[in-house]
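Coordinate-derived values only; no laboratory data. These numbers were taken from a predicted model, which means no experiment stands behind them. Cβ placement follows ideal geometry from the backbone for every residue including glycine, while neighbour counts extend to all protein chains displayed.
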Amino acid sequence: MNIRVILSVLLLVMGCASWVTAQTVRGNPQAGQVVYEKNCLRCHGAQLDGKGPDSQDLIVQPANLQSPITRSKSDWELLVAISNGVLFSPMHSFRGKLTDQHMLDVLSYIRAVSPSDIVS
Ligand code: HEC
């Protein structure tokens, strides 16, 4: 292997590793806000505190996305909740309803309002 190949492999590995550890959400928070207001606000509320207008009618209350519990979760965990839904709760799956990009956008909006407290 010549030095160029070794260097580019090294750069690739470093690039991937920093993506995993930095937990960068590659979404657009502005676009995410629009997605949030249309699909999530009625349950999770304008303040992301879980007190949306529909929340009174629910037995399982929407998660307070500002809470330390949510903030301590990884981007991946939240994305799985959005994409797959949360079992036995009104949080249904958004896969097929939102594009992957819209899910990333809405996640970056959540993180912009309620930053992750995972130290990277
Ligand atoms: C019908 C009401 C409803 C709607 C609409 C809704 N959610 Fe939820 N969501 C819930 C409930 C209820 C839970 C909590 C489930 C539980 O107690 O584990 C939840 C949980 C979550 C969680 C997991 C939080 C955590 O700490 O694990 C995330 C993230 C989330 N919702 C994001 C969204 C996003 C983004 C949208 C819009 C695309 C959305 N939700 C739309 C009701 C809703």
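Here are the numbers for this structure:
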{"item": "Filter result (more than 9 Å from the ligand (Cβ to nearest atom) and buried (at least 17 other Cβ atoms within 10 Å of the Cβ)) within region 67-99", "result": "ASP75"}
{"item": "Subset of region 52-66 [over 19 Å from PRO115 (Cα atoms) and either near the ligand (Cβ under 8 Å from one of its atoms) or not polar (S, T, N, Q) (or both)]", "result": "GLY52, PRO53, ASP54, SER55, ASP57, LEU58, ILE59, VAL60, GLN61"}
